[in-house]
Amino acid sequence: MTSILILNGPNLNLLGTRQPEVYGHTTLADIEVLCRAHAKSRGTELGFEQSNAEGGLIDAIHGARGVHDGIVLNAGAYTHTSIALMDAISSVQLPVAELHLSNIHAREDFRHVSYIARVAVGVICGFGAAGYPLAMDALLAHLAQAD
């Protein structure tokens, strides 16, 4: 059975209360329920993690190797700053779908730069919580093509 890790970065634990005008009112717990239901409907196993620490995200990426078939990564602000996350993704050789709740291209200029996109199979942004099942489906389609 295919397994996907949904990995969430800094400040995403505050979803629902953090800048709801940008990120909406859906909590990370709500998103996990959404993702688990979608995974079940697709016959897919799911891991779901969040860390505010760059090292914690790197450890989760490393730990996904041999356990999961791919990663949906919402790296938050680390998307725009972390060469270490980019290197971790390259090191584990797992397909990664980059995900953002907001449309990063319609926001501040510094958010237009993504180190993750350089090593991701694709990017989904701007669809709020609905982006998570979209990213899962895109990653599953990518995995099916690779078989």
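The values are calculated or read from the model by the stated rules, or taken from the named source; none is laboratory data. As the structure is a prediction and not an experimental result, all values here were calculated from the model. All Cβ positions, glycine included, derive from the backbone under ideal geometry; neighbour counts span all protein chains shown.
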Checked region 103-116 for anything in contact with a strand residue (DSSP E or B) (Cβ under 6 Å, 6 or more places away or on another chain) and either at pLDDT 95 or above or among the acidic types (Asp, Glu) (or both); matches are Ile116
Checking Asp69 against (1) of a type in the set (D, E, K, R); (2) under 10 Å from the mean Cα position of the chain (by Cα); (3) farther than 19 Å from Asn11 by Cα, only one condition comes out false. Which one? (2)
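The rows are residues; the columns are (1) surrounded by 21 or more Cβ atoms within 10 Å (Cβ to Cβ); (2) touching a residue at least 40 places away in the same chain (Cβ under 8 Å).
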{"site": "Pro20", "(1), (2)": "no, no"}
{"site": "Ala39", "(1), (2)": "yes, yes"}
{"site": "Gly47", "(1), (2)": "no, yes"}
{"site": "Gln50", "(1), (2)": "yes, yes"}
{"site": "Asp87", "(1), (2)": "no, no"}
{"site": "Val92", "(1), (2)": "no, no"}
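Looking at His100, is it at pLDDT below 95, under 25 Å from Pro133 (Cβ atoms) and crowded, with 20+ Cβ neighbours inside 10 Å? Can you show your working first?
On the way: at pLDDT below 95: yes; under 25 Å from Pro133 (Cβ atoms): yes; crowded, with 20+ Cβ neighbours inside 10 Å: yes.
When the stated conditions are applied, His100 passes them.
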